[in-house]
Each structure stands twice: as structure tokens, then as C-alpha cells.
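Structure first, then comments.
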Amino acid sequence: MRIGVAAVLATCLLSCAPGAGGRPSPSPASPPSEASTQSLLPYYGSYSTDAGDILVIARLGWFFDLKTSAYRTIYATSAPARFTIGTRFREPLPKFADLVFARGTLTIAESVRTRTARRIGLRHTDVTIPALNAQLAATITEPEGAGPHPGIVVVHGAERGERYFYDIWVGVYASLGLAVLTYDKRGVGSSTGTYPGEFPTVEALNVYADDASAALSFLAFWPGMDPKRIGFHGGSQGGWTVPLAIRRHQRGAFAVLASAPATTVDQTDLWAGFSGGGARMPTESTDQMLAAVRDNHSGYDPTPALRALAVPALWLLGTNDRTVPTAVCVEILNAMRKPNFTIELLPAGHGLLVNPTGLLNDDDQSPGLAPELVPALRAWMVQLFSR
């Protein structure tokens, strides 16, 4: 199963009726270009308005407003500290707002209002994590305030992932008071070792689970951490990795699984194949597709690892996912009758963007991530840490 990072929040990582409103600004002669990772490097991170709204700037070129769920691509202008966003995820025009950075502040100039946000003083520390036949390049992002903090390790999906892919999820979890560890996959970015490949063979998943376990061990002993409140976030293919990692590591205290399959690898690929991986509407009926998925039991099966999963686990699943068969996953999880499992169904596609068809092209017209996403995650975390 091959999943692009742009969607999962995933992450962000993640995913409303987000701040689209007002009169569109005059359009330039030609559409603007997407902002580069390098151009956003001085500005990425989290910002807070006077009203307490949290805004996240991701180096991959995304803007996320946690309050409204607005999730937009950032576009460059002729001025290095000025950018724009449109009214939809990947549509630059009509322009919705200018983003202007200056001396640790972000000004969001819309046609009907202007907001100013100040950069939050998150602490970023680059570290190296020893793993089997590899050294994992990682970053620990710590929230403001005294610890000990709960923490979370973000586990990659199928892509050749680097740690900066998950800036959105870092901002979300840091806003909830968690320290976040992100890392480059082995053999990718600044990590050494051999990249196991995108296809989720049993061997590759075990390598990824070993690496995730090593990352959690490292975070558990980091100063200012609460070692009893450290868990995993796994997006898409990471949903197969995380239960295996928790079986390796008794310190794993919880799991958040975004667009994560409970089906086998072949069941999941079969479902994705009906739509060409989200490229087109299937010609088969939903009942026909689900029946075919239920009849297929080959490929890596996560059931044993899921049955053994004893920690609290939250599934964030899109009802219109064209990559993961959400309906069958819910059947499988419900049949296990595990009280530590919580399932949140969101009106979204695989990337948790609001998307009535689930097709990849329709993500571009999405106004943002599912509006239920952050509130559901926040409520679950509050309950989890109050135990």
C-alpha cells in the first residue's frame, strides 16, 4: 500500500468550515507557485493569537488553523516573508489571506479581518537514536512549561519519510501539551541504514517496528518526560507498525492510529485498486467491493497484534477513504470487543480532509481537515491523561 504524505495527518497528520469567507482578493495574471520548504524554514512552527487560536506552519508548505480546521497550501510571493493561501486545500485562487512574518509574529490578513499571532516557544532538539544497523536522525519538540510532559513518537506511513513531513502533527500534539519525537526513516534523509522499501512485507514491518520501539525508548529517558505517558502515532501504513512496536516495548502507553487499516495488506490493496488508488470512481457497487474485501484474507494480517494490544487506542478513520476499507476495519475492530479501543469516524477521505468522494483530486477542493478531528483527539487525550 503506497500512501502519499500530503494527506495523513496526515501527517497530519494530519486533516470544517474553515475560515473561508469574505470577498476574494484580485487575482494576479498567473497562479502563484507553491512555497518551497527552504523558503518556509525560518517560519515553520506554531503560533498563538491573542484569542488563543493555534496556527501551524509546516515546512512541506501547509497552513493549519486548529480552531477552524482550515488546512491550506501556502503560496509564494515576490516578498520572502509574505505568502498567500486560497480558500481550498490546493487552490491558490481566489486568495483567502496573506501570511506575513516579521520578528516572531504572523499576521493573517483576510479581506474581512486581520489577526496577529505570536510564535510559540517550542523547544526543538536534534538527536540521534541508535537502532539495529542504523542511526536514526530525529527531532524532539517540547512544549512550553515545566514537565514532566507526556510524549508521542510519530511513526511514518509508506512514503520515504523525513521528520519534517509531520510538522502539522507536531503542532497538534504540542498544543495538547505533549513532547513529540519525529525521525527520518532508516536510509532516508539523515538516517543511516538500509531503506526496507514501501511495500509492507512482514520483514519490512518488523524493521519499522524495531525502529519505532527504539525511538520510544529514547524518548522515555529524555529529561523532562513522564515515561509512563508515552505512546505512538501511526498514520496509514504506520497503523500496521505501531501495534507491532508496542508488543516490543512495554513502555508504550497508548496509540493514535490515523487512517490505519485493521485489514490485511491484500484486503487493503484490493480496496484501493477498485478506485485506482483514489484516482477514479469505482465501477463496482459498494456492496460488491466490500464483499470482495471480506472474502480476501491474504497478505500480512494485523489481527494477532491488534488482539494483543492492551493499551488505549484511538482510531481516526475517514468514512470516504478510497485507500483503506473503513467499513471492514470497523467490523474487525468491533468484533474484537476490546474496551480499550475507541473509533472516531470522520467525513473525510484517506488524508482526513473533508472530501465527499474520497478521490485524490477532490482533496484539492477541500476546505480543510475534518472539523471533528482535533476536538475528538483532544477529548480522548484529556480522558486518557486523567486516569
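The values are calculated or read from the model by the stated rules, or taken from the named source; none is laboratory data. Predicted model, so just to flag it, every value in this text is computed and none were measured. With ideal geometry, Cβ positions are generated from the backbone for all residues, glycine too; neighbour counts draw on all protein chains shown.
Taken together, Gly368, Gly358 contain a single residue that is small (Gly, Ala, Ser) and crowded, with 24+ Cβ neighbours inside 10 Å, which is Gly368.
One residue is enough: does the stretch 113-120 have a residue meeting the conditions assigned to a strand (DSSP E or B), surrounded by 24 or more Cβ atoms within 10 Å (Cβ to Cβ) and touching a strand residue (DSSP E or B) at 6+ places or on another chain (Cβ under 9 Å)? No. Applying the criterion of being surrounded by fewer than 20 Cβ atoms within 10 Å (Cβ to Cβ) and either among the polar types (S, T, N, Q) or outside any loop (DSSP other than H, G, I, E, B) (or both) to the residues of the stretch 183-192, the residue that is farthest from the chain's Cα centre (by Cα) is Thr192.
Do you know which residues across the stretch 368-384 are of a type in the set (A, V, I, L, M, F, W, C) and either outside any helix (DSSP H, G or I) or in contact with a helix residue (DSSP H, G or I) (Cβ under 9 Å, 6 or more places away or on another chain) (or both)?
Scanning the stretch 368-384 gives Leu369, Ala370, Leu373, Val374, Leu377, Met381.
In the stretch 129-141, the count of residues that are in the same structural domain as Asn206 (by TED's automatic domain parsing), in contact with a strand residue (DSSP E or B) (Cβ under 7 Å, 6 or more places away or on another chain) and over 21 Å from Thr241 (Cα atoms) is one or more. Only a single criterion out of (1) in contact with an Asp or Glu (Cβ under 6 Å, 6 or more places away or on another chain); (2) modelled with pLDDT of 95 or more; (3) more than 19 Å from Phe63 (Cα to Cα) is not satisfied by Arg163, namely (3).
So that you can scan it fast, the table gives a plain yes or no per residue for (1) surrounded by 24 or more Cβ atoms within 10 Å (Cβ to Cβ); (2) closer than 15 Å to Ile140 by Cβ; (3) within 21 Å of the chain's Cα centre (by Cα):
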residue: Leu181; (1), (2), (3): yes, yes, yes
residue: Gly197; (1), (2), (3): no, no, yes
residue: Thr201; (1), (2), (3): no, no, no
residue: Leu216; (1), (2), (3): yes, yes, yes
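Given the options Pro92, Pro148, Pro130, Pro42, name the one that is of a type outside the set (Lys, Arg) and surrounded by 21 or more Cβ atoms within 10 Å (Cβ to Cβ).
Pro92
Residues in the stretch 241-258 that are touching a strand residue (DSSP E or B) at 6+ places or on another chain (Cβ under 8 Å) and surrounded by 20 or more Cβ atoms within 10 Å (Cβ to Cβ): 12 in all.
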